[in-house]
1. Tell me the residue from ASN71, ASN92 that is loosely packed, with under 14 Cβ neighbours inside 10 Å, at pLDDT 90 or above and under 30 Å from TRP39 (Cα atoms), please.
2. Given the condition charged (D, E, K, R), assigned to a strand (DSSP E or B), more than 30 Å from ILE164 (Cβ to Cβ) and touching a residue at least 12 places away in the same chain (Cβ under 8 Å), answer yes or no: does some residue in the stretch 48-58 qualify?
3. In the stretch 32-43, what residues are loosely packed, with under 15 Cβ neighbours inside 10 Å and either over 20 Å from GLN63 (Cα atoms) or in contact with a Pro (Cβ under 6 Å, 6 or more places away or on another chain) (or both)?
4. Just give me the residues in the stretch 115-137 being at pLDDT below 90 and touching an Asp or Glu at 6+ places or on another chain (Cβ under 8 Å), in sequence order.
5. For the stretch 1-31, what are the residues that are surrounded by 13 or more Cβ atoms within 10 Å (Cβ to Cβ) and either under 13 Å from ARG57 (Cα atoms) or not assigned by TED's automatic domain parsing to the domain that holds THR53 (or both)?
6. Here are some conditions: (1) at pLDDT below 90; (2) in a strand (DSSP E or B); (3) not β-branched (Val, Ile, Thr). ALA81 meets all but one. Which one does it not meet?
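The values are calculated or read from the model by the stated rules, or taken from the named source; none is laboratory data. Everything numeric in this text was worked out from a predicted model, so none of it was measured. Here Cβ is always computed from backbone atoms with ideal geometry, including for glycine, and neighbour counts include all displayed protein chains.
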Amino acid sequence: VTWRKLGENHFLSVGDQTWVKDPNLQLHYNEITADVTEWNLVIRNATEEHSGTYECRISDSKQLIRYVDLNVTGIPVAETATIPPIAVSGKNYVDRGQAIHLFCNTTGPIGAHLKIDWFKDGDRIDYRSYRQVVITNYNLVEKNVLVSELLIDRSQETDTGTYICRSASGHIESIKVTVLLADTNNVKRGYASNRESSSVASRQCLQHIVLIAVFLSSSLVS
């Protein structure tokens, strides 16, 4: 019994021995009965490079050939295991009046019953209590990802807080958002500074006018 991949000029296995230096390639032999045996080619940690057509040939009184098509798709299992079950993204700091835009992604089998809940400082966000908040949910079926988008179009000081995202499976992630007031304070300070400068200039101008008036008065008396 031999295994080979079409398009390659060498065998992968002959009998119960592999003929390539690949630790991920193994031949499993199993004798079920005296007349029935299994010669299974096993590929561990399969990648897209393993895709193709494989030929199993049995050389006996009657030569038998079978073909197996292998198509490897998707990301490696090792990468899949590192993907967190839930993740939150967005800006931690925004200026007052700017939009707060947060995203929550949860992975796993997608179903109509799945949903994502949002909380602010432990209080569940709903349309009655948080009318300024718009939440949109949508599925990325091909990636098994449920996405929830939280949007506050014009942020206020009261929007500062910890936003928590909870999936239907109970996974939780959070993000701290702070609404900054620096721009408003700078405007106020600049306005006050301009007023002070104008006041000083006015006093100096008035002093000059008084001095001129005194000088003219002295000249007339003389």
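1. Only one candidate passes the filter, namely ASN71.
2. Taking every residue of the stretch 48-58 in turn, at least one turns out to be charged (D, E, K, R), assigned to a strand (DSSP E or B), more than 30 Å from ILE164 (Cβ to Cβ) and touching a residue at least 12 places away in the same chain (Cβ under 8 Å).
3. Matches in the stretch 32-43: ILE32, THR33, VAL42.
4. Result: SER129, ASN137.
5. VAL1, THR2, TRP3, ARG4, LYS5, PHE11, LEU12, SER13, VAL14
6. (2)
Conditions tested, residue by residue: (1) in a loop (DSSP other than H, G, I, E, B); (2) farther than 18 Å from ALA87 by Cα; (3) not assigned by TED's automatic domain parsing to the domain that holds VAL94.
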position: TYR127; (1), (2), (3): yes, yes, no
position: ARG131; (1), (2), (3): yes, yes, no
position: VAL134; (1), (2), (3): no, yes, no
position: ASN139; (1), (2), (3): no, no, no
position: SER148; (1), (2), (3): no, no, no
position: SER155; (1), (2), (3): yes, yes, no
position: TYR163; (1), (2), (3): no, no, no
position: GLY170; (1), (2), (3): yes, no, no
